[in-house]
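Structure, as structure tokens:
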Amino acid sequence: MLKTLLALCLLSFNAAAQTRIAILDFELKDLTLAPGVPAELARTASIKPLLAQELSSAGYQIVAIPSQTQQAANSGVGYLFDHADAAAQLGKQFNADYVLVGRLHKPSFLFAYLMGRLVRVSDAKLLGDYISESKGPNAKLTIKAVESLTSKIDKDLNRRYSPPPPSKLAP
């Protein structure tokens with residue numbers, strides 16, 4: 001009986017101590033000659049759910065912030081990305097421990113960079129500035145870039161993420 005009670009207390013403590021991360025919608029910064037094509041908008045929109053899935057698999061609790069609330073807090077394209085204090089204020093409204101502000105930066109048709117900034121909500125401190133390269137628009141390569149981004153974020157937090165093993169791509 002006492003062992004069961006102790007185990008339940010430990011489980012409830014672990015659940016209460018779970019790290020809460022809000023992932024904001026990624027913005028597209030497309031510098032190519034044909035910016036904002038539907039395929040790039042779709043790829044950009046896919047990053048947040050992929051990242052949420054990877055961080056969830058490592059035991060992080062994902063905090064939902066409605067897109068409308070994010071847009072209202074964003075004073076312009078890139079504002080939240082460049083202002084950790086504003087991102088932290090947004091995270092505080094939703095009881096997040098951290099806020100990840102992201103961007104898909106596409107300087108070329110050949111590659112793009114997944115960029116993320118991790119902000120600690122309690123003191124609005126920028127904890128990490130992360131970049132993962134994705135060569136080409138292939139969905140599998142975007143997933144690999146998200147896994148790389150997740151590993152970098154996790155190194156600054158709890159160090160519990162294990163990316164999936166590399167898959168064999170057909171030649």
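The values are calculated or read from the model by the stated rules, or taken from the named source; none is laboratory data. Everything numeric in this text was worked out from a predicted model, so none of it was measured. When we count neighbours, we look across all protein chains shown, and the Cβ atoms used for this are built from the backbone with ideal geometry, even at glycine.
For Ala34, the conditions (1) surrounded by 14 or more Cβ atoms within 10 Å (Cβ to Cβ); (2) not in a helix (DSSP H, G or I) all hold with the exception of (1).
Within the range 60-77, the set of residues being surrounded by fewer than 17 Cβ atoms within 10 Å (Cβ to Cβ) and within 14 Å of the chain's Cα centre (by Cα) comprises Gln61, Ala64. Restricting to the range 89-147, count the residues that are among the aromatic types (Phe, Trp, Tyr) and over 17 Å from Leu55 (Cα atoms). The total comes to 4. Of all residues in the range 155-164, at least one satisfies being exposed (fewer than 13 other Cβ atoms within 10 Å of the Cβ), among the charged types (D, E, K, R), out of contact with any helix residue (DSSP H, G or I) (no Cβ under 9 Å at 6 or more places or on another chain) and part of a helix (DSSP H, G or I). Against the test of being at pLDDT 95 or above and more than 20 Å from Ser151 (Cα to Cα), the options Ala87, Ala73 yield a single qualifying residue, Ala87. I'd like to know if the range 43-50 contains one or more residues that are touching a Gly at 6+ places or on another chain (Cβ under 8 Å), at pLDDT 95 or above and under 19 Å from Asp30 (Cβ atoms). Yes: the range 43-50 contains one or more residues that are touching a Gly at 6+ places or on another chain (Cβ under 8 Å), at pLDDT 95 or above and under 19 Å from Asp30 (Cβ atoms).
The sole residue among Leu80, Leu149, Leu114, Leu127 that is buried (at least 17 other Cβ atoms within 10 Å of the Cβ), assigned to a strand (DSSP E or B), among the aliphatic types (A, V, I, L, M) and under 15 Å from the mean Cα position of the chain (by Cα) is Leu114.
The residue pairs whose first member lies in the range 145-167 and is closer than 16 Å to Tyr98 by Cα and in contact (Cβ under 8 Å) with a residue 60 or more places away in the chain, whose second member is assigned to a helix (DSSP H, G or I) and charged (D, E, K, R), and whose beta carbons are closer than 6 Å, counting only pairs six or more residues apart or on different chains, are Thr150/Glu54.
Applying the set (1) modelled with pLDDT of 95 or more; (2) under 17 Å from the mean Cα position of the chain (by Cα); (3) outside any strand (DSSP E or B) to Val119 leaves exactly one unmet item: (3).
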